[in-house]
Amino acid sequence: MKRIDALKAGVAVIILNKENQVLLQKRSDVGLWGIPSGHIEIGETVSEAAIREIKEETNLDIRLKKIIGVYSDPHSQVFEYPNGETVHFITTCFLAEVIGGELHCNSDESLEIKYFNACKLPNDLLKMHPQWLYDALSKREAAFIR
């Protein structure tokens, strides 16, 4: 296994619109599409972090509906940043619904934000995100632990 510089707690939020399309952001740090996600800050709960990250990145207000899963497998959860830092993330992924706000890029972390059909996702998608989406669309009530 490659050298890992840090272990961090993260959150990801899957938002589906009425047409069952998934909201993705094109990240400015790596230029790839992905489910809106981010780090948990010190003193913050996972749910607070999820709500904050979505507001910062999309300008949307959300209500968390359920935990889709907790993901920690190093084969999918190790991420290398352009600066060379390699981080192993333990990510709690939520399903959420929009309750307010107007969608737009609200952060220097995003190049673009838009909805995609789940069967027509962009090719340049972060490697761990298809599993999160697959799990969200499975309609399973219990959370996945992967």
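Overview of values
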read-out	value
Residue satisfying all of: in segment 52-78; among the hydrophobic types (A, V, I, L, M, F, W, C) and surrounded by fewer than 21 Cβ atoms within 10 Å (Cβ to Cβ); nearest to L32 (Cα to Cα) among these	V78
Some residue of segment 53-61 being among the polar types (S, T, N, Q) and either touching a residue at least 60 places away in the same chain (Cβ under 8 Å) or closer than 23 Å to I145 by Cα (or both)	no
Qualifying position, being without any contact (Cβ under 8 Å) to a residue 24 or more places away in the chain and either surrounded by 11 or more Cβ atoms within 10 Å (Cβ to Cβ) or under 15 Å from the mean Cα position of the chain (by Cα) (or both), among Y81, Y134	Y134
Tally of residues being in a strand (DSSP E or B) and either small (G, A, S) or under 22 Å from A118 (Cβ atoms) (or both) across segment 1-34	17
Condition met for V46 (out of contact with any Pro (no Cβ under 7 Å at 6 or more places or on another chain) and surrounded by 15 or more Cβ atoms within 10 Å (Cβ to Cβ))	yes
Single match in S37, S28 (criterion: among the hydroxyl-bearing types (S, T, Y) and touching a Gly at 6+ places or on another chain (Cβ under 9 Å))	S37
Search result, residues across segment 6-25 that are of a type in the set (D, E, K, R) and at pLDDT 95 or above	K8
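The values are calculated or read from the model by the stated rules, or taken from the named source; none is laboratory data. All of these numbers come straight from a predicted model, not from anything done at the bench. As a convention, Cβ positions derive from the backbone with ideal geometry for all residues, glycine included, and neighbour counts pool all protein chains shown.
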